[in-house]
Amino acid sequence: MVTVSTPDLETMNALTAAVDMDSLTHGGLVLGAVEGTQSQVVDDAAPYLVTAVQSVPTLSLLDGVSFDNETAVWTLVFETMQVDASGPDQINAYSRLLYLTRNGTEHAQADTRNACLNKNTSLEMCRAALEADYVLLGEVAAAPGAALVLPAACAAGCGPEGAAGCSAACRVNASLESTAGSALQTLTLRVRHEDIRRAFGRFTPRVSPLYGSTQTVEFGVGMVFVPVLNAYNGAANNILIFNSFSVIENTFDEVAIVKQSAYSIATHVAFWTASAQQDARVRLATVEYLLDFGHSLENITAALNENALTPMTMRAIDEDDCAAMQALVDDLDDSTCLTKQPLCRPSVYVDGAGANMQVWATIVFPIPAWHTSRTIQFNTLLRTRDAASDMLMLSTLNFATTHTPRVACQASQTTAFDATQHVRAEVYRGSNLVYEKISGTFSMHNDTALSMAEALVTLVLRPDDSDQALEYFQTYTDETLRLDDLYMSHAKIGGAIPAHVSNVVKGSGGGRSTLTLDPQLVHACPLKTPETPTGAACVTTHDWGPAGLQRPGSATFFVHKVNASDDAANVAADVAWLENVFGSSDMDLLHRFRTAALTRPFSRSVRAQVRQQYAAVYWIWPVYSWPNMPPIGLVDKTLISLAWSIAH
């Protein structure tokens, strides 16, 4: 066996021809195999494409809004994205300006009229505009790991005077924390409720068919992203992400907050997750947008986390994911509890046209089977087009939850918190001012009083004994306690006053309230009028309102507000009213009782004494002149229903 190698194809062809000729000449049998291998290297000067994951400007509210009742501080937690240091020329190369709205300055629902959104507005121009019309909280430079830089006036702190020596902007506690190994940053704002009311918010009336007229404080938190020139965003415009909030103050019952997110384009965003009870594989997330005026919807896309690790890996939801989940939804006996529209296709409702056009958009995304993490995080990208400029705009909404999707068709729950804990209502009976604890309604049995004079009731409305209640009244000195509405239902023994009474209190404007009596009570004890029959066994009288009330057919006021001042005219007015109850034979008795009514309820504890200056004292005389019946041996029962408020 002979092996021969040749340097090129031409030599190999010559060698093969020589072997064939030799075989023909000598007549021998030659078995041969020719094998060739050729390699070639080509130098291509074109560069290969390098891609990198880019982050985008983001400011999204994370865990909602929380309120600390002891410190009266609101806490808002946001998630934002810093400049990524992993590569040059990032899309997210923006300087960030954080700001709050200013009391008295008008702003649109999504702050779309902000001067920073005007074309060719530089960082310096935007900063000056925010300082003039808003409250600038700080600035973050367009650099990886950049910190939140406070305004120069706040950098030195508040000084020896503490918070009282600071402006409202410097009293806001703003902190920016980075997440290790990630471009995510957590922005935390702690804002005093007093500053929201006096510096950052604006009061607007809110009318509800259930609760009447209430006061609403509206304020907003925004971040302006000003681009830095590079290969990606050299022609980019400023981006504004804005969150608006409404604090609803119900001065006669409670305080609640309504949160509304505005991302410069979407003025309202809501989302929820649900699963099917029939098939646990069916898990859906629904997102609802209300776009700002003049914006039409182009498209909505989303990505979902694959794991719960740090950094978190996001995976786009594609058509295959939507089709697979749609097949499962179609197999359900009834899918309307989950969704009434196809998956991954926005359902749009348009109202108006042009600059007055407003769009509602709802889209349902699947939570595919490949998602197995306990944490569910969606990153959605909203593409809209402005009708005035015909400009395509992007808006992001990122949200996360660790709760398992709830089974569809379960009833929703509402949680509220009570703010009337700052006020205490106390009752003292008779000339000896015997203390009696009350709730919303209370009864007086005149068979326990030795005379009509001993039926007198002293009502005291004062701040509660807690430190937070005293701080509330010391802070809001222009708000006072007052009695708004009072009814007395009088019944002879055997009269049919209902055993259970459920009255309704509603706002009447300006922080005041009105009382609507239980229909069963009004039916059993009708309101007194000039036509009331003389033989009625149960009668209801309206004895107090915004300006005091007299009963029909009577020249006497049966409810009187005691003047806390020792001015001679005020003392004379109080004593004159007491003459209706005790007579005028012992004027010293009347003066001593007035003094006791203004001092004894506040001598029960040191805390009560400190709160006396904020209290309101009323005298209530629950008696009724029964026609054709002498007072000797007469016994009746009175049910007192009242409403009070804290307001200007």
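The values are calculated or read from the model by the stated rules, or taken from the named source; none is laboratory data. Just so we're clear, the structure is a prediction, and the values are computed from it rather than from any experiment. In this analysis, Cβ positions are derived from the backbone assuming ideal geometry, glycine residues included, and neighbour counts consider all displayed protein chains. Protein only, heavy atoms only, side chains kept; ligands, DNA and RNA dropped before computing areas. Shrake-Rupley method; radii C 1.70, N 1.55, O 1.52, S 1.80 Å.
So here's what we get for this one:
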{"quantity": "Rounded accessible area of TRP360 (nearest 10 Å², 1.4 Å probe)", "calculated": "100"}
{"quantity": "Efficiency of FRET from Cβ geometry, TRP272 and ARG383, R₀ 25 Å, rounded to 0.05", "calculated": "0.65"}
{"quantity": "Phi-based couplings in Hz for segment 390-404 (Karplus 6.51, -1.76, 1.60; Gly and Pro marked x)", "calculated": "6, 9, 7, 10, 10, 9, 10, 9, 10, 9, 9, 8, 9, 8, 5"}
{"quantity": "For segment 577-585, Karplus couplings with θ = phi - 60° (6.51, -1.76, 1.60), whole Hz, Gly/Pro x", "calculated": "5, 5, 4, 5, 8, 9, x, 10, 6"}
{"quantity": "Inter-part distance where segment 466-506 and segment 587-630 are each reduced to a Cα centre, Å", "calculated": "16"}
{"quantity": "Per residue value of the accessible surface for segment 513-648 (all protein chains in place, 1.4 Å probe), Å²", "calculated": "51"}
{"quantity": "Backbone HN-Hα couplings from phi across segment 355-362 [Karplus 6.51/-1.76/1.60, Hz, Gly and Pro as x]", "calculated": "5, 8, 6, 9, 10, 9, 9, 10"}
{"quantity": "Net charge of Cβ neighbours under 9 Å - reference PHE602; Lys, Arg +1; Asp, Glu -1", "calculated": "+4"}
{"quantity": "Potential lengthening between ALA14 and ASP467 on full extension [0.36 nm per residue; Cα-Cα distance subtracted]", "calculated": "152.1 nm"}
{"quantity": "Full-stretch length increase - THR532, SER178 - with 0.36 nm per residue and alpha-carbon distance subtracted", "calculated": "120.0 nm"}
{"quantity": "Sulfur and carbon atoms: percent of accessible area, segment 272-360 [1.4 Å]", "calculated": "49"}
{"quantity": "Surface share of carbon and sulfur [accessible, 1.4 angstrom probe, percent] for segment 582-648", "calculated": "54"}
{"quantity": "13 Å beta-carbon shell around ASP467, net charge (K/R +1, D/E -1)", "calculated": "-2"}
{"quantity": "Gain on full stretching of the segment that runs from ASP478 to THR516 - 0.36 nm per residue minus C-alpha separation", "calculated": "10.9 nm"}
